[in-house]
1. Can you pull out every residue in the stretch 1-40 that is aromatic (Phe, Trp, Tyr) and in a loop (DSSP other than H, G, I, E, B)?
2. Output the residues belonging to the stretch 41-50 that are assigned to a loop (DSSP other than H, G, I, E, B) and among the hydroxyl-bearing types (Ser, Thr, Tyr).
3. So which of Ala72, Ala56, Ala50 is surrounded by 12 or more Cβ atoms within 10 Å (Cβ to Cβ), at pLDDT 70 or above and hydrophobic (A, V, I, L, M, F, W, C)?
Amino acid sequence: MITGRHKTLHPGKIVTSFCIGSHRLYEFLHDNALFEFRPIEYVADPEVVARNYKMASLTQAFAIDLTGAVCADPRLPRIDDRRRQRVPHQTVPSRR
């Protein structure tokens, strides 16, 4: 279960910038104090991310190759279609 209780920045919150899903998901998120939506410029800012001790990130991936490149676009048939990405904030060092 994800609770955010060990976070050093926004403890007890799941901070995100975007969500897409079913009506049931939207009902769950509506007025749910556990979730905090922020602009992507804030959520993906390495300075902000580094303020969390032992940061962990959840993201959706449709394919991962042996180098660690991630294909996050379901419209692409293969990972080598040049739309690969590395999630940069998974490698941000802690400032502690």
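The values are calculated or read from the model by the stated rules, or taken from the named source; none is laboratory data. Model, not experiment: these values are computed from the prediction. In this analysis, Cβ positions are derived from the backbone assuming ideal geometry, glycine residues included, and neighbour counts consider all displayed protein chains.
1. Phe18
2. Within the stretch 41-50, the subset assigned to a loop (DSSP other than H, G, I, E, B) is 44-45, 50.
Correct list: empty.
3. Details: Ala72 fails: at pLDDT 70 or above; Ala56 fails: surrounded by 12 or more Cβ atoms within 10 Å (Cβ to Cβ).
None of the others qualify; the one that does is Ala50.
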